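The values are calculated or read from the model by the stated rules, or taken from the named source; none is laboratory data. A quick note: this is a predicted structure, and the numbers were derived from the prediction, not measured. We place every Cβ from the backbone using ideal geometry, glycine too, and count neighbours over all the protein chains shown.
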Amino acid sequence: MPVKILQCIIGIMIKAQTLKGFRDFLPQDAAKRLWFKNKLIAVFESWGYLPLETPTLEPVELFAGQVGEGEKLFYRFKDQGGREVALRYDQTVPACRVVGQYTGQLVFPFKRYQIQPAFRSEKPQKGRYREFLQCDADIFGVKSVYADAEVCGLALDIYRQLGFKEVRLSLNDRELMKELPYEAIVVIDKLKKIGQEKVLAEMTEKGISSAKAEEYLKLVQNLKPNKTVKIILNCLEKMGFPKNWFNFEPTLARSFSYSTGPIFEIEIPGYQAGSVLGGERFDNIVKNISGLDIPGTGFAVGFDRTLEAVEQFGLLPDFQPIPQVLVTIFSADLFEDSLKISSSLRSEGIKTELYPNPENKLDKQLKYADQKGIPFAVIAGPDEINKFTVTVKNLVLTKQETLPREKLADYFKNQK
């Protein structure tokens with residue numbers, strides 16, 4: 001009995017689709033993401049930041065009480081040992097756990113970057129997913145405002161290196177809002193998205209009186225930059241960024257409960273999906289976790305949104321993840337010759353694929369190369385083997401030529 005019929009009968013047919021809020025990335029998209037990830041790593045490391053990785057699962061109490069309203073979005077469950085665990089909600093909290101746990105092994109100031117998936121059980125929408133790649137950069141062990149200025153500069157440099165002509169870093173300081181309850185800050189952070197009327201309504205829904213809601217909103221709207229903000233803005237100017245790339249924004253609040261000082265976000269004029277990067281100072285998390293008073297400041301890049309903006313503004317380079325050459329197999333008894341040719345080309349830095357089935361006819365192999373978008377195919381039949389030559393088919397221009405074997409690598413290098 002066929003397998004599919006049997007599966008239907010016993011009721012175990014599997015539907016081939018992803019879970020809501022989760023994604024597959026086919027080769028072309030995966031290649032773009034890899035390019036962007038490598039670009040980020042290059043910028044991070046050019047500023048002296050070192051890589052860090054943490055586990056996908058952490059004890060749920062690590063995140064509890066650290067991220068404010070975000071706790072309702074935890075992917076939490078009991079493992080087989082009965083322990084309450086959660087998938088990585090963000091990377092800041094685990095990094096703070098690492099700093100507290102390995103203090104004696106780290107060099108301070110500790111500058112780290114981290115690029116790993118994070119998981120949040122939220123309503124999927126454009127630019128928001130339940131699994132997403134988070135990219136953080138932080139400085140631990142420095143209370144000075146100049147550390148905040150550095151991470152702001154690093155954040156702007158990412159977008160400068162990506163080729164954006166204009167970005168906007170909005171800066172504020174949570175110290176200016178220390179008289180406001182967290183419930184008000186969370187709502188005021190939505191001001192640009194939902195407007196003043198809805199902000200006031202949401203604050204009253206959270207138990208804040210109408211008079212206090214109006215007072216809090218007016219207070220925030222009339223904030224003036226303090227010394228901390230002025231120092232950061234001055235540093236960004238001295239770093240050489242255009243003056244219109246950064247500004248003081250009194251209504252920027254950030255919704256994380258662990259924010260303790262300077263906060264900032266980056267937007268790209270013309271990109272409508274929202275901010276592409278956000279950061280803040282978080283001086284209390286390491287202390288809350290380990291008891292050690294080690295301050296921190298940093299940011300997270302919106303990986304998906306930034307990559308989407310890169311494509312929107314035509315900044316994605318013309319790179320080709322597919323092989324440049326397919327080495328065909330003329331017949332099974334000539335397989336080893338094709339194997340040697342492919343290995344030789346790879347040793348010269350040429351992306352080369354060897355067709356994996358010696359039993360398939362040459363026409364099928366060439367059709368495979370054409371469907372995959374491989375521009376060149378190499379054929380080595382008995383005549384070519386005897387003369388130590390190869391035939392190169394240009395599948396784009398539909399022409400071919402015969403070359404000495406020793407000139408093959410140079411031929412493809414000249415095609416780049």
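Taking GLU348 as the residue in question, decide whether it is under 22 Å from PHE44 (Cα atoms) and either surrounded by 12 or more Cβ atoms within 10 Å (Cβ to Cβ) or not assigned by TED's automatic domain parsing to the domain that holds CYS152 (or both). No, not satisfied. Residues that are of a type in the set (Val, Ile, Thr), surrounded by fewer than 21 Cβ atoms within 10 Å (Cβ to Cβ) and in the same structural domain as PHE44 (by TED's automatic domain parsing): does region 262-278 have at least one? Scanning region 262-278 turns up no residue that is of a type in the set (Val, Ile, Thr), surrounded by fewer than 21 Cβ atoms within 10 Å (Cβ to Cβ) and in the same structural domain as PHE44 (by TED's automatic domain parsing). For region 353-366, the criterion of being surrounded by 14 or more Cβ atoms within 10 Å (Cβ to Cβ), under 31 Å from the mean Cα position of the chain (by Cα) and free of Cβ contacts under 8 Å to residues at least 40 places away in the same chain is met by at least one residue.
Of all residues in region 233-244, none satisfies being within 17 Å of the chain's Cα centre (by Cα) and of a type outside the set (S, T, N, Q).
Please determine whether any residue of region 82-104 is of a type in the set (Phe, Trp, Tyr), in contact (Cβ under 8 Å) with a residue 12 or more places away in the chain and under 23 Å from LEU40 (Cα atoms). Yes, because at least one residue in region 82-104 is of a type in the set (Phe, Trp, Tyr), in contact (Cβ under 8 Å) with a residue 12 or more places away in the chain and under 23 Å from LEU40 (Cα atoms).
How many residues, within region 199-224, are touching a Lys or Arg at 6+ places or on another chain (Cβ under 7 Å) and among the polar types (S, T, N, Q)?
Qualifying residue count for the region: 0.
Among the residues of region 28-50, those that are modelled with pLDDT of 90 or more and not hydrophobic (A, V, I, L, M, F, W, C) comprise ASP29, LYS32, ARG33, LYS37, ASN38, LYS39, GLU45, SER46, GLY48, TYR49. Check region 369-379 and report whether any residue there is of a type in the set (A, V, I, L, M, F, W, C), surrounded by 14 or more Cβ atoms within 10 Å (Cβ to Cβ), in contact with a strand residue (DSSP E or B) (Cβ under 8 Å, 6 or more places away or on another chain) and farther than 27 Å from LEU26 by Cα. Yes, region 369-379 contains at least one residue that is of a type in the set (A, V, I, L, M, F, W, C), surrounded by 14 or more Cβ atoms within 10 Å (Cβ to Cβ), in contact with a strand residue (DSSP E or B) (Cβ under 8 Å, 6 or more places away or on another chain) and farther than 27 Å from LEU26 by Cα. Evaluate the following for ILE231: is it among the aliphatic types (A, V, I, L, M), in the same structural domain as ALA95 (by TED's automatic domain parsing) and buried (at least 20 other Cβ atoms within 10 Å of the Cβ)? No, not satisfied. Candidates PHE119, PHE110, PHE132, PHE74: the one that is at pLDDT 95 or above, of a type in the set (A, V, I, L, M, F, W, C) and in the same structural domain as THR54 (by TED's automatic domain parsing) is PHE110. Reported count of residues in region 309-328, each being surrounded by 17 or more Cβ atoms within 10 Å (Cβ to Cβ) and in a helix (DSSP H, G or I), is 2. Tally the residues that are of a type outside the set (A, V, I, L, M, F, W, C) and either under 21 Å from LYS340 (Cβ atoms) or in contact with a Cys (Cβ under 7 Å, 6 or more places away or on another chain) (or both), restricting the search to region 386-399. Within region 386-399, residues that are of a type outside the set (A, V, I, L, M, F, W, C) and either under 21 Å from LYS340 (Cβ atoms) or in contact with a Cys (Cβ under 7 Å, 6 or more places away or on another chain) (or both) number 5. Within region 157-180, the set of residues being within 16 Å of LEU223 (Cα to Cα) and of a type outside the set (Ser, Thr, Tyr) comprises LEU171, ASN172, ASP173, ARG174, GLU175, LEU176, MET177, LYS178, GLU179, LEU180. Count of region 39-58 residues, restricted to those that are closer than 23 Å to LEU315 by Cβ and either among the acidic types (Asp, Glu) or outside any loop (DSSP other than H, G, I, E, B) (or both), is 8. One residue stands out in region 340-352 among those that are of a type outside the set (Gly, Ala, Ser) and touching a residue at least 40 places away in the same chain (Cβ under 8 Å): the one that is nearest to VAL327 (Cα to Cα), namely ILE341.
Criterion applied to ILE194, ILE185 was being out of contact with any strand residue (DSSP E or B) (no Cβ under 6 Å at 6 or more places or on another chain), crowded, with 18+ Cβ neighbours inside 10 Å and not assigned by TED's automatic domain parsing to the domain that holds PHE264, and the one residue passing it is ILE185.
For beta carbons closer than 9 Å, sequence separation of 6+ or different chains, a first residue in region 29-44 that is crowded, with 18+ Cβ neighbours inside 10 Å and a second that is part of a helix (DSSP H, G or I) and aromatic (Phe, Trp, Tyr), the qualifying pairs are PHE36/PHE303; LEU40/PHE303. Please determine, by comparing only the residues of region 279-304 that are of a type in the set (Phe, Trp, Tyr) and out of contact with any helix residue (DSSP H, G or I) (no Cβ under 6 Å at 6 or more places or on another chain), which one is surrounded by the fewest Cβ atoms within 10 Å (Cβ to Cβ). The extreme case among them is PHE303.
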